[in-house]
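Have a look at the structure below before the remarks.
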Amino acid sequence: MTLTFETRLQDAAGRIGRLAVSTADSVIQTPTLLPVVNPNIQTIDANDLSSAGAEMVITNAYIIYTTPSLREQALEEGLRSVVGFDGPIMTDSGSFQLATYGDIDVDTTEIIEFQSAIGTDIATPVDLPTAPDASVAQTEEDLQHTDEAIARAMSMETGEMAITGPVQGSTHPTLRRRAGAAARKHACDLYAIGAVVPLLNSYRYAEMVDVIVAAKEGLGPAVPVHLFGAGHPMMFALAVAAGCDLFDSAAYALYARDGRYLTVAGTAHLAEMDTLPCECPVCLEHTSASLQMASPEERERQLALHNLYVSFAELRRVRAAIAAGDLLELVEQRARGHPALLDGYRRLLAHVEYLERHDRASKGGFFGVSQEAASRPEVHRHQRRVTAVPMGSEVLITEGDCSASGGYDTCWRLMPPFGPVPMALQDSYPTNATLPQDATEAERRMAMDGVRRLVAAHPSSRFTVAHHGWPPSTLAAISSDVVMIDLTD
Ligand code: GUN
Ligand code: ZN
């Protein structure tokens, strides 16, 4: 094994990991971004990539292979000399060109041999990216091709070089899951979810989440997972929370060429900016006006650098959030930046069983700052777990005070969105949550879901629920055997 992956800390389905790349004698921290280095157009040099935070880069073996001067240099002096980067280098195979132009001049055997000859650390076979919304029949046919390409790459004598297993499957979760499981059977070093670029370009973040979750279910939790072609900092927190460890993108350079300035809330146009709202070295040393007046090359270089700085700053923030156990709070903040990201976050919460399987049981604190927080995995886990807590035959669940609960064997707090909370758990995670004073309708309904689950689990107990003026719409689904008391009456 050339790559070894170790997970250190976990939050939602995101994790902080260490990826050891033995051929480059280095260990990189994940989640991270691999900036795309275009061997023909070097916007910024490799030293600047490192100082912005890049620990590994990716380039395209197909472009090098088909450009005679680069090919010669790569074969004679090695890939590191072409790219000018000292750390580990991953190479793509030309599949993206295949998807874009419909045809390329190499097959997996040829391009894997070439990747091995030039000293790639992590190589990619020629997978077949299937566009979103393709038919099931087409997607299955394409998957067959990708599976054969992986099998071929894994059967070759390529020494220590690591091999990526691409996971395709269009927008069909069942096929993504199957493709993940099929790729895993080949025991690749790394797995990469493909053909998400068209989803990202059209802001289809909810489907991106479905694709990631399905692929991850097929792959299992132990392996490192890369998201091909994803590199906008606005979506890192969401994609990490869904389970991705590595990203790669040319976005920093492509956007810079168009005068576009990346932020964690989206993309701005330098020409329309009065002030640079960022504390990276570029933005501290320049003004919007000075960058607009600079030469096109200099402007592009400085914008690309800024774009990289914000990307790596966001990845550090994501890692810090995982360590602190508040990654979902960060996702929630980012979801306020764009409605499509909010769709993505809601879709992630809808995969509650998947999240619960990965999420760690105890974290620092639960901050309820949105409607969506009511659907977080911690709430579902709490409601499932408390059904197992023993209780008496006369039970009071109240928003009020348990000290006045004479006549009841058991008194629990009624706490939106968690629902019934035993007194003994009030100071424990997650029910020691910091929540707004006024619960919303959605939070009360979620709390009543919890009551319903508890009542169903204890058919021989009699339940009384005391609330402060909750509207009938939040109470409707409670069985008529439960006595309801409105404390405001
Ligand atoms: N780059 C962006 N998307 C893809 C993909 O689906 N496959 C490969 N190999 N590279 C990509
Ligand atoms: Zn900046």
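With just the Cα atoms defining each centre, how far is region 416-479 from region 70-103? Give it in Å. When both Cα centres are located, 57 Å separates them. Taking all protein chains as shown and a probe of 1.4 angstrom, Ser405 keeps an accessible surface of around 20 Å².
Give the peptides 34-42, 208-216, 110-118, 163-171 in descending order of average Cβ contacts within 10 Å, highest first.
Values: 34-42: 18.4, 208-216: 25.9, 110-118: 21.7, 163-171: 27.7.
Put in order of decreasing packing, that is 163-171, 208-216, 110-118, 34-42.
Entry note, the chain: the mean residue ellipticity at 222 nm calculated from DSSP H runs of n ≥ 4, each adding -39500 (n - 2.57), is -13000 deg cm²/dmol after division by the residues and rounding to the nearest 500.
Out of the GluC sites (Glu not before Pro) in region 273-318, which ones are loop residues according to DSSP with at most 11 other C-beta atoms within 10 Å? Don't jump to the answer; show the numbers that get you there.
Working: sites: Glu279, Glu285, Glu297, Glu298, Glu300, Glu314; in loops: Glu279.
Filter output for region 273-318: Glu279.
Summary value for the chain: 13 percent relative contact order, contacts being C-alpha pairs under 8 angstrom separated by 6+ residues. Quick check: the distance between the Cα centres of region 343-380 and region 1-43, to the nearest angstrom? Spelled out, the Cα-based centre of one part sits 26 Å from the other. Projecting the Cα positions of Gly392, Ile64, Cys280 onto the charge dipole of the chain (unit charges on Cβ atoms of Lys, Arg, Asp and Glu, taken about the Cα centre) puts Gly392 furthest along the positive direction.
Please report the relative contact order for region 365-424, taking Cα pairs under 8 Å with a sequence separation of at least 6, and give it as a percent rounded to a whole number. Show your work: numbers first, answer last.
Values: 65 pairs, mean separation 17.8, N = 60.
30 percent.
Against the main long axis of the alpha-carbon atoms of the chain, helix 108-118 sits at an angle near 70°.
The alpha-carbon atoms of the chain, seen along their principal axes, cover 88, 55, 40 angstrom, with the largest extent given first.
Would you tally the net charge around Ser170, using a Cβ to Cβ cut-off of less than 14 Å, leaving Ser170 out, and scoring K and R as +1, D and E as -1?
Working: positive: Arg176, Arg177, Arg178, Arg204; negative: Asp127, Asp133, Glu140, Glu141, Asp142, Glu207, Asp210.
Net charge in that neighbourhood comes out at -3.
The peptide list 146-154, 240-248, put in order of mean Cβ contacts within 10 Å with the highest first, becomes 240-248, 146-154.
Largest accessible area first, the residues His458, His468 order themselves as His468, His458 under a 1.4 Å probe with ligands, DNA and RNA left out.
The Cα center of region 229-297 and the Cα center of region 167-185 differ in position by 32 Å.
By the Cβ rule of 4.7 Å, the chain holds the following cysteines without a possible disulfide partner: Cys188, Cys244, Cys280. Counting only Cβ charges, +1 for Lys and Arg and -1 for Asp and Glu, the dipole size of region 243-381 around its Cα centre is about 360 debye.
With a ≥ b ≥ c taken as the square roots of the eigenvalues of the C-alpha gyration tensor of region 161-225, please select rounded if a/c is under 1.5 and otherwise prolate if a/b is larger than b/c or oblate if it is not? Walk me through the numbers on the way to the answer.
On the way: a/c = 2.22, a/b = 1.65, b/c = 1.34.
Because a/c hits 1.5 or more and a/b exceeds b/c, region 161-225 counts as prolate.
Computed from Cα positions, the angle between helix 339-350 and the longest principal axis of the chain comes to roughly 60 degrees.
The values are calculated or read from the model by the stated rules, or taken from the named source; none is laboratory data. Being a predicted model, the structure only gives us computed values, none of them experimental. All Cβ positions, even for glycine, are placed from backbone atoms using ideal geometry, and neighbour counts span all protein chains on display. Please note that ligands, DNA and RNA were not included when accessible areas were found on the heavy atoms of the full protein model with its side chains. Shrake-Rupley method; radii C 1.70, N 1.55, O 1.52, S 1.80 Å.
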